[in-house]
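What follows is a set of notes on a single structure, which appears directly below.
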Amino acid sequence: MSRLPVMTSKRVLTNSSSENAQVMAPAQVWIRLMQNDHFFLFLLFIYLFGVGASRRKPWDLKGKVNDMEDKIRNFQTKARSVNEEMEALKGSLSHSQSRVSQLEKEVEQQRSQISKYEIELQALSHVRQELEKVSSDKSFLQKELSNLEEKYKVMETLRDSQETELQMKLSVQESTMTRLQSTLRDREEEVHSLKEMVAEQKEELHSGEMERRRLHNTIQELKGNIRVFCRVRPLVSGGLSKHIQLPASDDKSIVLAKTEESHTGKVADTQKNYNFSFDRVFGPQASQQEIFEEISLLVQSALDGYNVCVFAYGQTGSGKTYTMEGEEYDDTRGVIPRAVQQVFKAGQKLAAQGWEFTFTASFVEIYNETLRDLLYTGKASKRPEHEIRKMASNEVTVTNLTYEKVYTEDQVQGLIAVAKRNRSTAQTSQNDRSSRSHSVFQLHIEGVNGGRDVTCKSTLCLVDLAGSERMMKSQSQGDRFKEMTAINSSLSNLGIVITSLANKESHIPYRNSKLTYLLQGCLGGNSKTLMFVNISPESDSFGETLNSLRFASKVNDCVIGTASSNKK
Ligand SMILES: Nc1ncnc2c1ncn2[C@@H]1O[C@H](COP(=O)(O)OP(=O)(O)OP(=O)(O)O)[C@@H](O)[C@H]1O
């Protein structure tokens with residue numbers, strides 16, 4: 001029975017939640033026991049019959065009763081104070097209980113709060129993952145950053161050293177520049193004075209050039225505006241046949257000797273000499289270079305604004321084409337390529353004095369009084385026809401003809417090759433056609449000196465005439481007769497024109513043949529003309545050689561009026 005309250009109080013404690021155990025302190029357990037009445041009576045019994053009874057004599061019952069009464073009173077007092085205390089404790093207990101229930105509420109609240117937090121925490125779990133990822137990224141980036149910072153530091157160091165180096169270089173450059181600037185100033189002054197000197201020298205050069213041209217022209221005039229050179233072709237076997245004699249002392253004479261046998265045999269054979277003299281006579285040994293040297297001054301005149309005409313006259317096979325065109329190797333090149341070379345070179349030299357030249361080439365063939373473009377490269381079936389026209393400016397032009405602007409010697413060589421091809425095509429259909437046609441190469445020269453406001457215009461004509469041999473009328477018939485007539489008439493008309501010019505006749509019959517009509521500008525008083533008379537050395541060519549030399553001699557005797565430059 002005495003253990004029951006304790007059991008009860010223990011059950012009270014056991015029934016409480018673990019959280020309440022913390023609140024039910026030992027004092028509170030004691031208070032609960034006090035509240036129990038059985039427990040109180042038990043204590044009083046112990047006191048009255050256990051402790052108090054032991055001190056009195058067994059017979060002193062009154063004393064014992066007194067003691068007991070005292071004790072009861074005492075006890076009652078104590079019980080009252082215990083009750084009071086208990087009341088106080090009860091108050092405190094109820095307060096604690098209300099506090100406990102309040103705390104329990106709070107705990108409940110906090111629990112619900114915690115469960116809320118747990119839900120939120122769960123919701124935030126992916127955020128945590130994100131956060132983890134971000135933090136791993138962050139650590140990676142931090143590493144990168146620290147790497148970059150390292151690099152940056154290295155770069156900074158490098159930059160600093162380069163800056164220092166550059167600054168040093170800059171200061172060196174600056175000092176060099178200052179030095180160069182002062183040198184430049186010196187040079188500019190030098191250039192300025194040199195420019196002045198050049199201008200003075202240019203002026204001197206120009207007046208020198210003018211003087212040269214004047215003197216050159218005077219020499220040409222003294223030599224005569226129409227000159228004749230004779231050239232003897234070597235024999236195929238080499239050397240020279242007896243009937244042609246070239247006096248060693250003189251390079252202007254040629255003697256054609258004819259031995260006439262005595263028919264009776266009673267008298268000695270007689271020798272008849274035909275003496276001719278020309279501006280120059282070239283023997284069979286004369287090289288192409290020697291020939292050209294003699295005419296190069298004339299070619300120079302073309303650049304000075306004079307019309308120049310060089311033609312080769314002679315029988316077939318006498319060396320006209322060899323003289324005018326030559327062969328393709330350097331030493332054997334003829335007058336046309338050499339003249340073109342000289343014109344280009346002189347043009348380049350004159351460029352230093354402010355001259356700018358334009359060269360235009362044409363190449364035409366006259367066969368049977370018909371013109372044919374030797375630079376034509378189109379279809380044979382579409383080959384155009386040509387007419388010679390005289391312009392208002394008195395210049396002669398050919399319709400539908402190729403006028404090709406030329407800039408280099410090679411280009412001119414190319415044109416000569418085209419002309420050769422064109423001629424050989426025609427040749428296949430008509431044997432030996434080239435011998436029976438005239439070929440006329442013309443280089444039109446136009447010069448402008450912008451600085452001095454001077455221009456010049458001229459034409460360089462280089463002509464390879466048809467073979468001059470005469471045929472017995474009885475021997476020629478049909479086409480051959482027609483050709484012969486055409487050649488003879490154009491060549492004899494050439495002679496007539498030259499003679500008429502020499503005689504200063506009022507009418508010059510240029511239009512009587514295509515050749516003279518085409519060469520009109522180059523044959524008149526305003527031109528310098530040179531004729532090559534080419535002769536064959538073979539004895540059976542004696543008659544033709546004599547005829548050629550007679551024709552050339554007639555031309556040589558002509559004095560055509562003073563040429564004037566087409567310079568404005
Ligand atoms: N001075 C020379 N030295 C060496 N060979 C020459 C000379 N003159 C001409 N010949 C040669 O003689 C041949 C005939 O010359 P070329 O063809 O020039 O005569 P051509 O008068 O023009 O004849 P064609 O009237 O038929 O055109 C050619 O083989 C040429 O190479």
Legend entry - Failed criterion for N534 (all others in (1) modelled with pLDDT under 85; (2) part of a strand (DSSP E or B) hold): (1)
Legend entry - Which listed residue is within 13 Å of the ligand (Cβ to nearest atom), β-branched (V, I, T) and modelled with pLDDT under 90, from T316, T321, T332: T316
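What tally of residues in the stretch 427-456 results from selecting those that are more than 16 Å from the ligand (Cβ to nearest atom), modelled with pLDDT of 90 or more and not aliphatic (A, V, I, L, M)? Please lay out each step first, then the result.
Start the filter on the stretch 427-456 by keeping residues that are more than 16 Å from the ligand (Cβ to nearest atom), which leaves 429, 442-456.
In the following step, the residues that additionally are modelled with pLDDT of 90 or more were identified as 442-448.
Right, trim to not aliphatic (A, V, I, L, M) and you get 442, 444, 446-447.
Looking only at that region, the number is 4.
Name the residues in the stretch 376-395 that are without any contact (Cβ under 8 Å) to a residue 12 or more places away in the chain and assigned to a helix (DSSP H, G or I), would you?
We begin by selecting, within the stretch 376-395, every residue without any contact (Cβ under 8 Å) to a residue 12 or more places away in the chain; these are 378-379, 381-383, 389, 391-393.
Within the stretch 376-395, S381, K382 meet the criteria.
Restricting to the stretch 334-379, what's the tally of residues that are over 30 Å from V454 (Cβ atoms) and open to solvent by less than 30 Å² (accessible area, probe 1.4 Å)? Steps first, please.
Of the residues in the stretch 334-379, the ones over 30 Å from V454 (Cβ atoms) are 334, 364-379.
Right, trim to open to solvent by less than 30 Å² (accessible area, probe 1.4 Å) and you get 334, 364-367, 371, 373-375.
Of the residues in that region, 9 qualify.
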Legend entry - Test result for V310, buried (at least 19 other Cβ atoms within 10 Å of the Cβ), over 42 Å from the mean Cα position of the chain (by Cα) and of a type in the set (A, V, I, L, M): yes
Inset, instruction - Scan the stretch 223-250 for residues that are open to solvent by less than 70 Å² (accessible area, probe 1.4 Å), more than 16 Å from the ligand (Cβ to nearest atom) and modelled with pLDDT of 85 or more and report the count. - result: 4
Legend entry - Qualifying positions in the stretch 184-222 - among the polar types (S, T, N, Q), open to solvent by less than 50 Å² (accessible area, probe 1.4 Å) and modelled with pLDDT of 75 or more: none
Inset, instruction - Taking D331 as meeting all but one of (1) open to solvent by 50 Å² or more (accessible area, probe 1.4 Å); (2) out of contact with any helix residue (DSSP H, G or I) (no Cβ under 8 Å at 6 or more places or on another chain); (3) over 20 Å from L460 (Cβ atoms), write down the number of the exception. - result: (2)
Inset, instruction - Only residues in the stretch 396-421 that are assigned to a loop (DSSP other than H, G, I, E, B) count as the first member; pair them with residues that are of a type in the set (A, V, I, L, M), Cβ under 7 angstrom, at least 6 apart or cross-chain, and list the lot. - result: L401/V364; T402/L375
Inset, instruction - Looking only at the stretch 288-307, count how many residues are within 12 Å of the ligand (Cβ to nearest atom) and surrounded by 19 or more Cβ atoms within 10 Å (Cβ to Cβ). - result: 2
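Can you tell which of T370, T397, T377, T358 is touching a strand residue (DSSP E or B) at 6+ places or on another chain (Cβ under 6 Å) and over 30 Å from L205 (Cβ atoms)?
Numbers: T370 fails: touching a strand residue (DSSP E or B) at 6+ places or on another chain (Cβ under 6 Å); T377 fails: touching a strand residue (DSSP E or B) at 6+ places or on another chain (Cβ under 6 Å); T358 fails: over 30 Å from L205 (Cβ atoms).
Going through T370, T397, T377, T358 in turn, the sole match is T397.
Evaluate the following for I416: is it modelled with pLDDT of 90 or more, within 30 Å of A352 (Cβ to Cβ) and open to solvent by less than 30 Å² (accessible area, probe 1.4 Å)?
Taking the combined requirement at face value, the residue does not satisfy it.
The values are calculated or read from the model by the stated rules, or taken from the named source; none is laboratory data. Quantities reported herein were computed from a predicted structural model and do not represent experimental measurements. Every residue, glycine among them, receives a Cβ derived from its backbone with ideal geometry; neighbour counts consider all protein chains shown. The protein model used for the area step is the full one, side chains on, heavy atoms only, and it has no ligands, DNA or RNA in it. Shrake-Rupley method; radii C 1.70, N 1.55, O 1.52, S 1.80 Å.
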